[in-house]
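Student: Mind looking over this structure? Questions follow.
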Amino acid sequence: MSRLASCPPDCARRCAGNRGSHHCSTSVSRRTSNVELTPSKRRVLRLITRGTTVAEVASTVGISANTVKSQLKRAYERLDVHSRVAAAEQARRLGLLVDIE
């Protein structure tokens, strides 16, 4: 998989223009190295990484679908990602999903 594949489209264009220099890989890792997510955000994120829908997560956790979406949005912001797949990869890489059942 290309290093640019993990970039958002606008970033990928900038990185591609840098002749192989991937500007966001170091800045992203620096920004996300001290990420902390609340237990509820980690639980929602863990369920989502298993392929659970927002409605299923809401039912399982006992919160509204809008709350699930809000927690995912905040988790994406803290992980500096833009998709479920990227959030799952980043959370696993940072060890944020290890202790949540």
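Quick grid of which residues meet (1) of a type in the set (Val, Ile, Thr); (2) at pLDDT 85 or above; (3) assigned to a loop (DSSP other than H, G, I, E, B):
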position: ARG31; (1), (2), (3): no, no, no
position: GLU36; (1), (2), (3): no, no, yes
position: ARG42; (1), (2), (3): no, yes, no
position: ASN66; (1), (2), (3): no, yes, no
position: ARG74; (1), (2), (3): no, yes, no
position: ALA86; (1), (2), (3): no, yes, no
position: ARG92; (1), (2), (3): no, yes, no
position: GLU101; (1), (2), (3): no, no, yes
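Student: Looking at the range 52-79, which of its residues are over 20 Å from LEU94 (Cα atoms) and among the small types (Gly, Ala, Ser)?
Tutor: Those that are over 20 Å from LEU94 (Cα atoms) and among the small types (Gly, Ala, Ser): ALA55, ALA58, SER59, GLY62, SER64, ALA65, SER70.
Student: Go through (1) at pLDDT below 95; (2) touching a Leu at 6+ places or on another chain (Cβ under 8 Å); (3) over 19 Å from VAL98 (Cβ atoms) for THR60 and report which single condition fails.
Tutor: Tallying (1) at pLDDT below 95; (2) touching a Leu at 6+ places or on another chain (Cβ under 8 Å); (3) over 19 Å from VAL98 (Cβ atoms), THR60 fails exactly one: (1).
The values are calculated or read from the model by the stated rules, or taken from the named source; none is laboratory data. Just so we're clear, the structure is a prediction, and the values are computed from it rather than from any experiment. Neighbour counts run over all protein chains shown; Cβ positions are idealised from the backbone, glycine included.
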